[in-house]
Amino acid sequence: MLKLSEKYGPLMSLKFGNVPTVVASSPETVKDVLKTFDADCCSRPYLTYAARISYNLNDLAFSPYSKYWREVRRMTVLELYTAKRVQSFRHIREEEVASLVEFVKGAALLGNTVNLSNTLMKLSGSVICRVGFGINLKGSKLEDTYEEIIRETMEVLGSFAAADYLPIIGRIIDRVTGLHSKCEKQHMEDESLKDDIIALLLKMERGEAGLGEYQLTRNHTKGILLIPVASLELLLTSDLHVETDEGEKAKSVKRASVSDGETKANCFQRIWSEEDEIALLQGIVDYKETSGLDPFNGERKALYDLLKPHISVSVTSVQFFQKIRTLKKKFKKEKNKGSKPNNQKLFHLSKLIWGDEEISYAEKDELKTGEGRKRSVFQLWRH
């Protein structure tokens, strides 16, 4: 490719079989393709087996750039994958993590070996299936088959399809190599996984909710649901990294000491949400205003006992005051050089507690870009 670009210039037109392909090989042309003229170049090519798996390109990943794609993306961003929607499923994540902790704990007491890679995969799959499809993976018919289905899907999508470049001869080649039969087999097995769909898409399919000028059919719904299904494949590759990272952390981080006979709570019970942080700081402000006492120089146990019922997580007094120190450090002037606080309510309460002198924030510095940072991204190809 380097020799071709030296001979024909930074913008070349090649032909892969019957498919014309434009190759941009310099930072300037790449910028034109991916940024300046992005709307003209961002559409997806027609891929034979991707079209079969995504129900004739009715999903987000393989659908050509069009008004339909924009409407589906708007619907998924505003309705399905919002921060509020993710937060509403927090209890599912906590329940699954708690179940995992109990499983590992039981195995440790019995002296059994735990396959961490498979355990993390089941955890991720359980969370996604409960959130995306409303079914519990454990005990269902998918428990022993979903991993194989996802792997086969990604194998088909990642395989070289001769039919994409040689429409007639390529189909014969794909039948000889077995890619066509593998795609059909996977497509039929995948039907059972996508038939359990979420309520919002069902409403749109029945016409109870709109998607602009488009009327969703069952195939549109299944195509859109390819996204959470395909995300399981990312977990197949990421779980190994999680397992490795956790192993390294366990070797390098010393076991935390527990004082005064206090025991550690379950890991999911120590998760602090923004609501808990606000309740904690608001309680300190109310304590100062009603009692007129310094909440940190007075009786610490009284403050802990007063605010503990207003926090949803189960924490010890050590974890309670450690969280207060963490929040103070989060908004201290010298610790917050690069960005404004994400939650203005937390910032306001922190100023009421510790005063303007200790709590502040700096404006974000402008990003500096240099000519030397330009580089071409050859992994981004568009037909």
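Observations on the model:
- Candidates Val30, Val19 - the one that is closer than 22 Å to Leu166 by Cβ, of a type in the set (A, V, I, L, M) and outside the structural domain of Lys138 (by TED's automatic domain parsing): Val19
- Residue list for the stretch 17-31, filter: surrounded by 14 or more Cβ atoms within 10 Å (Cβ to Cβ), touching a strand residue (DSSP E or B) at 6+ places or on another chain (Cβ under 9 Å) and outside any helix (DSSP H, G or I): Thr21, Val22, Val23, Ala24, Ser25, Ser26
- Counted residues, the stretch 32-73 - those being free of Cβ contacts under 8 Å to residues at least 12 places away in the same chain and outside any loop (DSSP other than H, G, I, E, B): 8
- Residue match in the stretch 93-101 (condition: under 30 Å from Tyr49 (Cβ atoms), of a type in the set (D, E, K, R) and outside the structural domain of Gly17 (by TED's automatic domain parsing)): no
- Counted residues, the stretch 1-13 - those being out of contact with any helix residue (DSSP H, G or I) (no Cβ under 8 Å at 6 or more places or on another chain) and either among the hydrophobic types (A, V, I, L, M, F, W, C) or free of Cβ contacts under 8 Å to residues at least 12 places away in the same chain (or both): 9
- Hey, Leu109 assigned to a helix (DSSP H, G or I), without any contact (Cβ under 8 Å) to a residue 12 or more places away in the chain, outside the structural domain of Glu275 (by TED's automatic domain parsing) and of a type outside the set (S, T, N, Q) or not: yes
- Of all residues in the stretch 118-133, exactly one satisfies the criterion of being surrounded by fewer than 18 Cβ atoms within 10 Å (Cβ to Cβ) and at pLDDT 80 or above, namely Thr119.
The values are calculated or read from the model by the stated rules, or taken from the named source; none is laboratory data. Since the structure is predicted, the reported quantities are computational estimates derived from the model, not experimental observations. Reconstructed Cβ throughout: ideal geometry from the backbone, glycine too, with neighbour counts over all protein chains shown.
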